[in-house]
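Take a look at the structure set out below.
The values are calculated or read from the model by the stated rules, or taken from the named source; none is laboratory data. Keep in mind the model is a prediction, meaning the values are calculated, not measured. Here the Cβ is made from the backbone with ideal geometry for all residues, glycine too, and neighbour counts use every protein chain on show.
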């Protein structure tokens, strides 16, 4: 019994001494394949580490959010009532009413979202349909 424990402990220690990518080759086991998402996450993590070490300069850009968005025009172009517009895109009906009547101004994130809705409502539909 001690010999079995000792062997498994030795096997564990041998694996831990190897680089991570080589560990599963010790007993002839094939390395598991990563999904497409897994590969993207690994690549992103490597970029993050390289950036933190100063080895990689990442692209920076500033997002320009319009100060005003014509909510009425966007909604009417889509042929929706206030309630339908609110339900379809996840706004409260009261917020849509307030924006359209000038009682409130959409916050920056809402203005950016409204801009995306105005430019490509079908893309927003696809994204939201996948989120449910």
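Among the conditions (1) exposed (fewer than 11 other Cβ atoms within 10 Å of the Cβ); (2) under 21 Å from the mean Cα position of the chain (by Cα); (3) modelled with pLDDT under 90, residue 13 misses just one, which is (2). Restricting 75, 88, 103 to those that are in the same structural domain as residue 127 (by TED's automatic domain parsing) and over 22 Å from residue 125 (Cβ atoms) reduces the list to 103. The residue list 78, 41, 56 contains one member that is surrounded by 12 or more Cβ atoms within 10 Å (Cβ to Cβ) and within 21 Å of the chain's Cα centre (by Cα), which is 41. Only residues that are closer than 13 Å to residue 74 by Cα, surrounded by 11 or more Cβ atoms within 10 Å (Cβ to Cβ) and without any contact (Cβ under 8 Å) to a residue 12 or more places away in the chain were counted in region 88-132, giving 2.
Hey, can you tell me all the residues within region 56-66 that are out of contact with any helix residue (DSSP H, G or I) (no Cβ under 8 Å at 6 or more places or on another chain) and either in the same structural domain as residue 122 (by TED's automatic domain parsing) or touching a residue at least 12 places away in the same chain (Cβ under 8 Å) (or both)?
Residues satisfying the conditions do not exist here.
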